[in-house]
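Here's the structure, in C-alpha cells; my notes come after.
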Amino acid sequence: MSDFGRRASRAQNAPTVLLQGRVLPETRQAFKDAAEASGVSVAYYLDALARSLVADNGSMPLVEDPRRLNRVELPIPAA
C-alpha cells in the first residue's frame, strides 16, 4: 500500500534541488525508519535533520576522512 498523501511534506512549489549519495543499506533503513516514525518523507526528514544540525552547531558538522580512519604508520627507520 502506498503512503502517498499520508506523510507530511513541504509546501507546494517550494524551491528544492536534487541531492544524491550512496550509503550503507542499514543507514538507508535507519533514515527510512526515522522518517516513517516522524510521519514525513525521507527527503523531508533529511532536510529537517540538516537544518537541525546547522541550528545546533552553527554549520554542518565535519566528519572523519575515511582515508584516514584505517591509516597505519609503518615503523620504517629513517635512513
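The values are calculated or read from the model by the stated rules, or taken from the named source; none is laboratory data. Model, not experiment: these values are computed from the prediction. Cβ sites come from the backbone with ideal geometry, for glycine too, and all protein chains shown count toward neighbours.
I'd like to know if region 12-28 contains one or more residues that are of a type in the set (A, V, I, L, M), in a helix (DSSP H, G or I) and either touching a His at 6+ places or on another chain (Cβ under 7 Å) or at pLDDT 95 or above (or both). Looking through region 12-28, none of the residues is of a type in the set (A, V, I, L, M), in a helix (DSSP H, G or I) and either touching a His at 6+ places or on another chain (Cβ under 7 Å) or at pLDDT 95 or above (or both).
In the condition set (1) surrounded by 10 or more Cβ atoms within 10 Å (Cβ to Cβ); (2) modelled with pLDDT under 90; (3) assigned to a helix (DSSP H, G or I), Arg68 is compliant with all but (1).
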